[in-house]
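Take a look at the structure below.
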Amino acid sequence: MVKDIQILNEKETRGGFGEGILEAGRRNPNVVALTADLLGSLKLQAFIKEFPDRFVQCGIAEANMIGVAAGMTIGGKIPYTTTFANFSTGRVYDQIRQSVAYSGKNVKICASHAGLTLGEDGATHQILEDIGMMKMLPGMTVIVPCDFNQTKAATIAIADYEGPVYLRFGRPKWPNFTPENQEFQIGKAQVLNEGTDITLFACGHLVWKCVEAGRILEEKGYSVELINIHTIKPLDEEAVLRSITKTRCAVTAEEHNVLGGLGDSIAQVAARHLPIPIEYVGTKDTFGESGKPTELLTKYGLDTPDIVAAAEKALARKKG
């Protein structure tokens with residue numbers, strides 16, 4: 001049952017990235033780290049201490065960082081670029097499209113401080129469009145892990161994956177509940193709980209919010225299937241179809257605009273193969289604002305009660 005999913009501790013997902021890139025560097029001498037003047041925010045200190053000759057400080061010049069990373073791949077290096085999600089995508093989209101995606105360069109674009117939970121830095125930094133931007137690029141893999149342990153595992157796994165990757169994670173301490181030292185499978189959805197009445201699909205920080213919502217729904221007598229879609233692209237369509245064939249209704253939850261994100265991906269699969277009632281939890285065509293992370297999730301309709309309400313609406317539509 002969903003109630004059996006327990007918090008191990010609370011840690012920042014960006015901290016999982018920091019530990020993950022260190023381990024990736026130990027396993028593969030071609031892994032290099034680049035940053036745009038944000039080594040502390042991206043938790044790169046341990047990597048730099050152990051591999052000082054495999055680190056490049058690009059300064060506040062994100063477009064140049066992407067170009068440098070693309071060039072490094074020609075020599076067999078595996079560059080991990082690091083900065084905030086807004087600067088990782090919105091500021092450098094042309095460079096990513098032309099120098100990385102178009103030519104299929106083996107660059108790992110690692111983006112922290114994504115979504116509303118960036119908090120007090122406000123709308124200019126809280127990018128809510130990046131999943132859509134990146135998944136539309138041909139050949140780009142898009143990964144949004146849910147907690148510290150999974151971010152660490154994903155960071156290690158992408159070093160062995162050939163091709164461009166966008167890895168998105170967050171700033172605040174957040175419930176850490178997936179297994180330590182787990183094997184991360186790119187493109188393979190993680191079924192956290194099996195159920196028969198409704199499916200909750202989520203990514204990133206909203207996976208834990210779905211755990212909380214699932215507990216409430218179980219107390220109301222519903223059987224809840226909970227699936228962590230940590231890889232937005234390539235999407236595990238088989239897992240999606242297997243679940244909605246059983247439950248016949250769903251909710252998607254993401255710290256992102258409902259236009260272009262996880263919800264759109266799930267809806268496309270359902271529309272092609274099995275149209276069902278789907279409700280979407282995410283920001284509704286809006287920018288964010290400055291505030292505490294949890295309060296922003298509540299204000300913009302991304303909190304636990306919002307997921308519960310969406311689930312009950314989807315269930316009612318299924319019955320009606």
Scan of region 123-164 for residues that are surrounded by 24 or more Cβ atoms within 10 Å (Cβ to Cβ) and more than 24 Å from Phe177 (Cα to Cα), ordered by number:
Gln126, Ile127, Leu128, Asp130, Met134, Pro164
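Find the strands (runs of 3 or more DSSP E) located wholly in region 185-255 whose residues include 2 or more that are modelled with pLDDT of 95 or more and over 13 Å from the mean Cα position of the chain (by Cα), and list them.
Details: elements: 190-193, 198-202, 224-228, 231-233.
Filter on region 185-255 gives 190-193, 198-202, 224-228.
Every residue, every condition in (1) under 16 Å from Ser41 (Cα atoms); (2) among the small types (Gly, Ala, Ser); (3) part of a helix (DSSP H, G or I), yes or no:
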site	(1), (2), (3)
Val56	yes, no, no
Gly59	yes, yes, no
Gly67	no, yes, yes
Thr73	no, no, yes
Gly76	no, yes, no
Thr81	yes, no, no
Val100	no, no, yes
Lys105	no, no, no
Ile109	yes, no, no
Selection from region 246-259 of residues that are more than 19 Å from Thr117 (Cα to Cα) and touching a helix residue (DSSP H, G or I) at 6+ places or on another chain (Cβ under 9 Å)
Thr247, Arg248, Cys249, Ala250, Val251
Number of the exception - Gly75 against (1) of a type outside the set (Phe, Trp, Tyr); (2) free of Cβ contacts under 8 Å to residues at least 12 places away in the same chain; (3) touching a strand residue (DSSP E or B) at 6+ places or on another chain (Cβ under 6 Å)
(3)
Of everything in region 155-172, what is part of a loop (DSSP other than H, G, I, E, B) and either touching a Ser or Thr at 6+ places or on another chain (Cβ under 8 Å) or without any contact (Cβ under 8 Å) to a residue 24 or more places away in the chain (or both)? Give them in sequence order.
Tyr161, Gly163, Pro164, Phe169, Gly170, Arg171, Pro172
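The values are calculated or read from the model by the stated rules, or taken from the named source; none is laboratory data. It should be emphasised that the depicted structure is a prediction, and the values quoted were computed from it without experimental measurement. Please note: Cβ atoms are built from the backbone with ideal geometry, for glycine as well, and neighbour counts cover all protein chains shown.
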